[in-house]
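Only one structure is covered here, and it is reproduced in the block below.
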Amino acid sequence: MEFKQVFIPGLAHCSYVIGGKKTCMVVDPARDVSQYLSIAKTFGKPITGIIETHLHADFVSGHLELAKITGAKIYISALAKAQYEHVALSDQEEIVLDTLKIRMIDTPGHTPEGSIFIVSDLERGEAPALVFTGDTLLIGDAGRPDLFPDIKNELASSLYQSLRKIEELGDHIEVYPAHGAGSLCGKVLSSKLSSTIGTERMYNGALQIHPEEKFIKSFLEGMLEAPDHFSRCSKINRKGAPIVTSLPKPMAYAPKKFLELAQSGYPVVDTRDQLPFGAAHVPGAYGLSLKGNFATYAGWVLPADKPLLIVADTENDLSKALNKLQSVGLDNVAGFLEGGMSAFAASGLKTAHLESISVLEMKERLDKNELLLVDTRLKSEWDGGHIEKAIHAPAPDVRHRYLEWMEAETVAFICNSGNRSLLASSLMSGLSGKKNVVNVIGGVNAWIKSGFPIV
């Protein structure tokens, strides 16, 4: 049996290629399927099967594209009610792909159709060797059950029962989840990307919470913020995403035309780092640096119903941005700024700028009550320690809360390093037109390194 795990930073997504004697299959593929084709080529085996453990919420899956290229069959639980050609599996149903025997068990909880796939390598014997747990059982945690608010209590109850099914598996069985640390699909994911049933039984906190009522309360309180695109991606994955190669190619727009489109309502996504963005950017642009968690926050805040425009420094950055936007179902990219911001500035067109200050200057101005400080990190980070005079608002929430801060002389945004606060600053200035908006570069990390206190 050949085996390869693929990890995608930012989304913290884990997918897999597993090979039998003559063929191989892919589990939970990302939308960019080129990596799986390369791995299969290395294995020297064609891809004949594609497994989806559930309808993913945080990214758009590449199962249809991979199936079209390879002719592979797609296997998913019948509970998913998938709207594309597939093999709908019933609870406990077994399939054999080459020398791999696979048993699917329905494990609802994270999503209504969540499932796990237990794999036996028949060249070694009938005993299960590993399990793909999707987002039901994660390393150190279990998948959040609150993505469907109307049925979250029912899903939390189902998740508790599903974990009991997984506990019945043998201690030696290796565990391979669909996400690792950094994903918003769970609260306390481990940085490890694999484990065993025995290890998780001993150390996974989600498996230790009893009785069911206590488990439900624990899993519905203090959960991480759920990004806006989670429900959209789930719907896309049930239907099947358009083939990437069939999407229209973004056009190159000269600065004047680019600005005209932006002023007519096309959102501008500026992918540059915080310092060049601060120096000059297209008025109203979203500051979404590729150095941050671009895909997640793009899916979270960008309108899916409008054609997007991209500002990028290089062709490589443009390609990265397109790939990441497509990974969260943002396919409607109209074009990009030809020549980048250098060409825009040289054209003499009006630009906007954003003040950037260090934590030292921020402290001086904060002590003098000259600014309102907004911490844009997630609640779990805020709870772990924050600057005493700050108020808390995750970066995407600025879209709904910016009016609260309009009376402040200056509003400063901070995160861990400056990327999320860049987004928050661009949202505040773009939505309100307020001039005195500041991004704190270096963020809380620099604050702590400077020896300043947190509470």
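The values are calculated or read from the model by the stated rules, or taken from the named source; none is laboratory data. As the structure is a prediction and not an experimental result, all values here were calculated from the model. Ideal geometry is used to build each Cβ from the backbone, glycine not excepted, and the neighbour counts take in all protein chains shown. In case anyone asks, the SASA skips ligands and DNA or RNA and just uses the protein heavy atoms, side chains included. Shrake-Rupley method; radii C 1.70, N 1.55, O 1.52, S 1.80 Å.
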In segment 217-231, residues that are in a helix (DSSP H, G or I), out of contact with any Leu (no Cβ under 6 Å at 6 or more places or on another chain) and surrounded by 15 or more Cβ atoms within 10 Å (Cβ to Cβ) total 4
Within segment 263-293, residues open to solvent by 20 Å² or more (accessible area, probe 1.4 Å) and under 20 Å from Lys306 (Cα atoms) come out as Gln263, Ser264, Gly265, Tyr266, Pro283, Gly284, Tyr286
Expected single match for in contact (Cβ under 8 Å) with a residue 24 or more places away in the chain, under 23 Å from the mean Cα position of the chain (by Cα) and farther than 19 Å from Arg232 by Cα among Val60, Val33 is Val33
Considering segment 232-251, residues that are open to solvent by 30 Å² or more (accessible area, probe 1.4 Å) and in a helix (DSSP H, G or I), and then whichever is nearest to Ser77 (Cα to Cα), we arrive at Arg238
* To do: Kindly check whether there is at least one residue in segment 126-147 that is surrounded by fewer than 23 Cβ atoms within 10 Å (Cβ to Cβ), over 29 Å from Ile243 (Cβ atoms), in contact with a helix residue (DSSP H, G or I) (Cβ under 6 Å, 6 or more places away or on another chain) and touching a residue at least 12 places away in the same chain (Cβ under 8 Å).
  => yes
Only one of Lys324, Lys350, Lys363 is open to solvent by 20 Å² or more (accessible area, probe 1.4 Å) and assigned to a loop (DSSP other than H, G, I, E, B), namely Lys350
Residue set Glu85, Glu52; condition of a type in the set (D, E, K, R), closer than 23 Å to Thr245 by Cβ and surrounded by fewer than 19 Cβ atoms within 10 Å (Cβ to Cβ); output residue Glu85
Sole miss for Ser421 among (1) of a type in the set (S, T, N, Q); (2) open to solvent by less than 10 Å² (accessible area, probe 1.4 Å); (3) touching a helix residue (DSSP H, G or I) at 6+ places or on another chain (Cβ under 6 Å) is condition (3)
Expected single match for out of contact with any Lys or Arg (no Cβ under 6 Å at 6 or more places or on another chain), among the β-branched types (Val, Ile, Thr), at pLDDT 95 or above and crowded, with 24+ Cβ neighbours inside 10 Å among Thr42, Thr111 is Thr111
Those residues of segment 6-26 that are in contact with a strand residue (DSSP E or B) (Cβ under 6 Å, 6 or more places away or on another chain) and either among the charged types (D, E, K, R) or not in a strand (DSSP E or B) (or both) come to a total of 3
The residue from Gly335, Gly329 that alone is assigned to a loop (DSSP other than H, G, I, E, B), open to solvent by less than 30 Å² (accessible area, probe 1.4 Å) and touching a residue at least 40 places away in the same chain (Cβ under 8 Å) is Gly329
Filter segment 55-72 for residues that are out of contact with any strand residue (DSSP E or B) (no Cβ under 6 Å at 6 or more places or on another chain) and small (Gly, Ala, Ser); the one that is surrounded by the most Cβ atoms within 10 Å (Cβ to Cβ) is Ser61
Over segment 367-405, the set of residues touching a residue at least 12 places away in the same chain (Cβ under 8 Å), among the small types (Gly, Ala, Ser) and over 22 Å from Leu302 (Cβ atoms) is Ser380, Gly385, Ala390
